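What follows is one structure encoded as structure tokens, with my remarks underneath.
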Amino acid sequence: MVRIDHRFGDITRTDRWLVPRRMEIRLMFGEAKLDFTHAVITHHTLHIDVDLRIGGNLTLVTRPGIVVNTDDLERGSGDIKIRPASGPDTATLLRVQLTGRSRGGDIIARPPRRKLSEWLRRTTSSSGR
């Protein structure tokens, strides 16, 4: 079990980090960012028990095959925005199950942002058609 209890600041997990089976995340006036882009996934499910207070935001950067479920999350205020990283035909690599409560924090799950060079390549290739 991994516990993150953080106030007034940001904390990130990026690059190659080992995804545990369970996490507890407590945040207030800060952000936790879990980037799964290059994470080492050895289990099918990650249970995250959250307690987000005012200004405590959780961002999950997903990749194809990662599904985020917030159905069991108690929400007092704050936004929840879940953007799928892949289509419905993609096999599920990891199911992230969020439970607990959000009392003023935001939860965002999104694919990685494209780099400027990727945007330029995409614009150049689509204009050359």
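The values are calculated or read from the model by the stated rules, or taken from the named source; none is laboratory data. All of these numbers come straight from a predicted model, not from anything done at the bench. Here Cβ is always computed from backbone atoms with ideal geometry, including for glycine, and neighbour counts include all displayed protein chains. The area values use the complete protein model at the heavy-atom level, side chains included, leaving out ligands, DNA and RNA. Shrake-Rupley method; radii C 1.70, N 1.55, O 1.52, S 1.80 Å.
The table below gives the values:
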| quantity | calculated |
| --- | --- |
| Residue ID - surrounded by the most Cβ atoms within 10 Å (Cβ to Cβ), chosen from residues in region 4-16 that are among the charged types (D, E, K, R) and not in a loop (DSSP other than H, G, I, E, B) | Arg13 |
| Residues satisfying the stated conditions in region 1-59, i.e. among the basic types (Lys, Arg), out of contact with any Leu (no Cβ under 8 Å at 6 or more places or on another chain) and over 21 Å from Asp72 (Cα atoms) | Arg16 |
| Pairs, first within 19 Å of Ile108 (Cβ to Cβ) and without any contact (Cβ under 8 Å) to a residue 60 or more places away in the chain in region 20-41, second open to solvent by less than 40 Å² (accessible area, probe 1.4 Å) and charged (D, E, K, R), C-beta under 7 Å, six or more apart | Arg26/Asp51 |
| Single condition Gly105 does not satisfy, out of (1) touching an Asp or Glu at 6+ places or on another chain (Cβ under 8 Å); (2) surrounded by 19 or more Cβ atoms within 10 Å (Cβ to Cβ) | (1) |
| Residue satisfying condition, being touching a residue at least 60 places away in the same chain (Cβ under 8 Å), of a type in the set (A, V, I, L, M, F, W, C) and in contact with a strand residue (DSSP E or B) (Cβ under 6 Å, 6 or more places away or on another chain), within set Leu94, Leu98, Leu73 | Leu94 |
